[in-house]
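What follows is a single structure, written as structure tokens, with notes after it.
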Amino acid sequence: MSSIIWYLYEFARKAWVEGFFNAKSELDIVEKPDRFRDFPDVVKENCIGCGACTLACPSPLAIKLIRDKDEDKEGLTYPEIDNRACIRCGFCAEVCPSKPKTIYCGENHLIEEPFNIVPSKRKYMIDDFLCIKCKECMNICQVNAIGEKDNKFYVDDGKCISCGDCLNVCPVKGAMKGIFLNNLEEQKSSIKFIVNKLEKYIESMEQELFNLPDKKILKLELPLLNFHDEIIEKISDEEIAFEVVENTINRLKINIILWDYDKCNQCKLCVDECPTGAIKVDSQSNTVKRNAEKCLRCSICYQTCPFGVVKYFVAKFFLEKDENYAFDSIIKITVKASQLAQWREY
């Protein structure tokens with residue numbers, strides 16, 4: 001009897017009565033969280049099918065990629081969210097790289113801003129192969145973003161403020177790299193463009209190179225302004241465009257292959273030796289032709305030819321920077337017979 005009275009007493013307590021009548025249903029708890037983001041909304045037309053959201057999701061079975069069925073063409077690929085497993089952390093929306101976003105969530109009230117994120121066009125990296133471990137970058141860094149581990153130096157992206165001091169103080173060109181994060185494909189296209197243009201320019205000096213005395217150097221100059229319009233068409237930001245071109249030219253060395261067809265006796269030794277099939281016999285003219293697009297500039301044809309048809313040169317480049325306007329700079333070029341060519345004389 002006493003136990004029944006005790007239970008009635010417990011149920012009659014004010015705290016229990018208030019808790020009972022103010023309790024939320026399970027649906028209320030799911031739909032009105034005050035700590036987490038909303039369930040993700042998916043705009044499937046924006047999805048690029050990369051799968052980043054599925055890798056970032058910490059909850060098993062909460063998200064998966066599916067593909068629509070379409071008899072006429074490949075169906076849309078996009079993420080499907082299972083609300084029963086989703087914990088509304090918002091990681092999927094954070095990592096989604098598509099523009100515009102494929103996944104949207106509400107505000108995450110758990111995230112506070114203990115620090116400011118510094119937007120940057122660059123990512124700084126250390127090339128361990130070129131680094132001489134002088135520690136100049138480490139000493140000048142204002143925020144201690146450069147560390148050392150296992151006798152290798154690295155840049156902590158979480159601390160780096162992208163001031164560029166490390167890049168300016170590094171005594172070895174290329175050891176500290178400031179890589180532009182945007183338009184990587186456009187940068188590649190610009191590099192390929194400038195390299196092809198420089199090679200074609202040197203090849204246009206064919207007669208001067210054929211007449212170049214042994215162990216002499218041919219010096220050439222070319223205004224960078226000649227390429228301005230094409231480069232800016234690929235990369236609209238002049239600062240990025242010039243730095244990409246400058247880095248390319250100052251580190252560039254090109255092997256130049258030239259053919260003196262007047263000396264060719266059609267022995268076809270080079271055709272069999274070429275590792276990429278770049279040298280073929282033209283059936284119509286019965287002459288040997290080299291496909292510059294396939295050619296590796298490896299010099300095997302030069303070493304094989306017994307008649308001196310193939311000429312082999314090495315070109316090096318340096319950009320003499322104009323202080324007033326970057327694209328008024330001059331490309332300095334030196335071309336000479338390769339050491340292989342000099343060795344062949346003996």
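Counting only Cα atoms, I'd like the Rg/Rh figure for region 122-180, Kirkwood definition for Rh.
Rg/Rh for region 122-180 comes to 0.90.
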Measure of compaction for region 274-346 (Cα Rg per 2.2 N^0.38 Å): 1.57
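In square nanometres and to one decimal, what's the mean projected area of the convex hull around the Cα atoms of region 212-273?
Taking the Cα atoms of region 212-273, their convex hull projects to 7.7 nm² on average.
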Orientation-averaged projected area, Cα convex hull of region 184-344 (nm²): 10.8 nm²
Relative contact order of region 122-180, defined on C-alpha pairs under 8 angstrom at six or more residues apart (%): 51 percent
Cross-link pairs Lys216/Lys263; Lys234/Lys332; Lys289/Lys336; Lys121/Lys336 - those with Cα-Cα distance over 31 Å: Lys121/Lys336
Sites Arg84 and Leu181 - FRET efficiency at Förster radius 30 Å, r taken between beta-carbons, to 0.05: 0.20
Distance between modelled label sites at Phe210 and Leu76, nm, 7 Å Cα→Cβ extension: 6.3 nm
Lysine pairs in region 122-180 with Cα atoms under 14 Å, if 8 or more residues apart or on separate chains: 7
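Every read-out reported here was derived from the displayed coordinates using simple, explicitly stated rules and does not represent laboratory data. In this text the structure is predicted, and so the values were computed from the model without any measurement. Reconstructed Cβ throughout: ideal geometry from the backbone, glycine too, with neighbour counts over all protein chains shown.
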